[in-house]
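Just so it is clear, none of the values below were taken in a lab; they were calculated from the coordinates. Predicted model only: the values in this text are computed from it and were never measured. Note: ideal-geometry Cβ built from the backbone for every residue, glycine included; neighbour counts use all protein chains shown.
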Amino acid sequence: MLPEKTMPNTLTPTAAQILEVLRPVQDPELQKSLVDLNMIRNVEVQGGLAKFTLVLTTPACPLREMIVDDCKKAVQTLPGIDQVDVEVTAETPQQKSVPDRTSVPGVKNIIAVSSGKGGVGKTTVAVNIAVALAQAGASVGMIDADIYGPNVPTMLGIEQAVVEVRKEAQGDVMEPAIGQGVKLVSMGFLIDPDQPVIWRGPMLNGIIRQFLYQVDWGSLDYLIVDLPPGTGDAQLTLAQAVPMAGVVIVSTPQTVALLDARKGLRMFQQLGVSILGVVENMSYFIPPDRPEMQYDIFGSGGGAKIAQELGVPLIGSVPLEIPVREGGDRGQPIVISDPTSQSAIALQAIATNVAAKVSVAALT
């Protein structure tokens with residue numbers, strides 16, 4: 001009697017079949033196939049178990065769970081698949097190069113946060129965006145480019161940090177301080193707390209370029225630059241020196257703040273810098289003893305109006321809550337000190353929104 005032949009298991013799909021059923025699944029932001037974008041890697045089939053790696057374009061992807069669910073549903077349509085394991089990682093894409101502008105070695109994306117006038121909470125927004133991105137798993141640095149009023153060290157709780165400057169062949173190289181998972185350079189580390197900076201434009205230009213090119217940034221997904229208010233030397237230096245992934249404009253709903261925000265936004269457009277969107281800060285006040293109440297102290301709807309008029313997105317509205325100020329004063333940004341507050345939730349959403357827009361711009 002001849003031995004019985006072992007029949008091949010036709011119910012076990014191949015890696016190629018796994019990729020084929022995943023091909024229709026798209027990245028919601030890019031509107032392209034995950035397979036075509038090389039976001040599906042390391043496909044393995046072990047009996048009824050399908051395994052692969054999903055490589056997102058940012059650690060702060062807001063649609064992560066939805067994409068994973070769509071992938072699992074697609075693979076589970078194949079006969080013979082009982083279980084799907086998805087390992088999720090992220091590779092932040094490099095922003096596009098710009099002629100006549102010099103990239104910062106190791107830095108993938110440079111994002112500016114600016115405002116038309118002071119007092120609108122620009123630095124608070126910038127710090128919380130940076131910290132929220134770091135919490136999501138991204139490698140993040142910050143330049144405190146508000147040379148005349150460097151407040152970022154205080155908001156990150158590292159105002160007493162001592163930064164090292166070492167001599168190398170190409171010149172002095174600064175080692176950034178680290179606070180709340182964010183690398184930082186600031187004029188605040190280089191001067192006494194009460195010492196004013198009395199500089200003209202060329203000196204300001206020089207220190208910003210040093211912060212860009214003479215700092216050991218290592219490898220960064222995002223470098224957030226907190227600019228001073230207005231449309232002056234710092235904005236011009238940054239826009240002309242480096243390729244930028246884009247700028248976030250911060251304003252309150254107040255009419256005078258919006259008037260200045262329009263000027264700042266127009267300036268960046270004229271310099272060829274992409275506008276990632278407008279953030280309306282202090283949108284409404286939430287009293288701590290009446291959290292169900294909202295008071296429009298600075299007006300309402302101004303951010304949405306300016307965004308619509310100028311054809312840019314409104315990427316978030318942040319309420320005015322006392323813990324935001326308290327957290328900033330003691331070096332604990334609200335996304336850390338009170339992550340479930342309305343302000344923190346709004347700022348976390350803004351950070352993921354910014355990251356998604358940067359990735360789309362880099363890959364399209």
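Only counting other Cβ atoms within 10 Å, I'd like TYR148, TYR213 sorted with the fewest neighbours first.
With the sparsest Cβ surroundings first, the list reads TYR148, TYR213.
Are there trypsin sites (Lys or Arg not before Pro) in segment 63-105 that DSSP puts in a loop and that have at most 16 other Cβ atoms within 10 Å, and which ones?
The qualifying sites are LYS96, ARG101.
Rounded to the nearest 500, what is the chain's calculated 222 nm mean residue ellipticity when only DSSP H runs of at least 4 contribute -39500 (n - 2.57) each, over all residues?
Only helices count here, giving -10000 deg cm²/dmol.
Residue farthest toward the positive end of the dipole of the chain, with Cβ of Lys/Arg at +1 and Asp/Glu at -1: which of ALA239, THR77, THR255?
Positive-end residue among those listed: ALA239.
List the lysines whose Cα sits under 18 Å from the Cα of LYS122, skipping any in the same chain fewer than 8 residues away.
Partners found: LYS263.
Arrange the following residues from fewest to most other Cβ atoms within 10 Å of their Cβ: LEU204, LEU236.
Result, fewest neighbours first: LEU236, LEU204.
Could you please state, rounded to a whole Å, how far the C-alpha centre of segment 7-78 is from the C-alpha centre of segment 223-300?
Result: 39 Å between the Cα centres.
The chain: D in µm²/s via Stokes-Einstein (Kirkwood Rh, Cα pairs, 4 °C, 1.567 mPa s)?
The diffusion coefficient I find is 58 µm²/s.
From the residues MET267, ASN151, SER283, which one has its Cα farthest along the dipole of the chain in the positive direction, the dipole being from +1 and -1 charges on Cβ of Lys/Arg and Asp/Glu about the Cα centre?
MET267
Can you run phi through the Karplus equation (6.51, -1.76, 1.60; θ = phi - 60°) for segment 286-301 and list ³J(HN,Hα) in whole Hz, with x for Gly and Pro?
Karplus values, whole Hz, x for Gly and Pro: 10, x, x, 8, 9, x, 7, 9, 9, 10, 7, 4, 9, x, 8, x.
Given the options ALA60, ALA74, ALA351, state which has the largest fluctuation in a GNM of the chain using a 10 Å cut-off (strictly under) for Cα springs.
Comparing ALA60, ALA74, ALA351 in a Gaussian network model of the chain, the most mobile one is ALA74.
So which of LYS51/LYS73; LYS96/LYS357; LYS51/LYS72; LYS183/LYS357 end up more than 19 Å apart by C-alpha?
LYS183/LYS357
Starting from the amide H of ALA90, placed 1.01 Å from N in the peptide plane, find each other amide H under 5 Å away whose residue is 5 or more places distant or on another chain.
Close amide H contacts, sequence-distant or interchain: LEU56.
Which cross-chain or sequence-distant (5 or more) residues have an amide H under 5 Å from the amide H of PHE285, H modelled 1.01 Å from N in plane?
When sequence neighbours closer than 5 places are left aside, the close amide H contacts are TYR295, ASP296, ILE297, LEU320.
Check which residues have an amide H placed less than 5 Å from VAL25's amide H, if you skip close sequence neighbours.
LEU34
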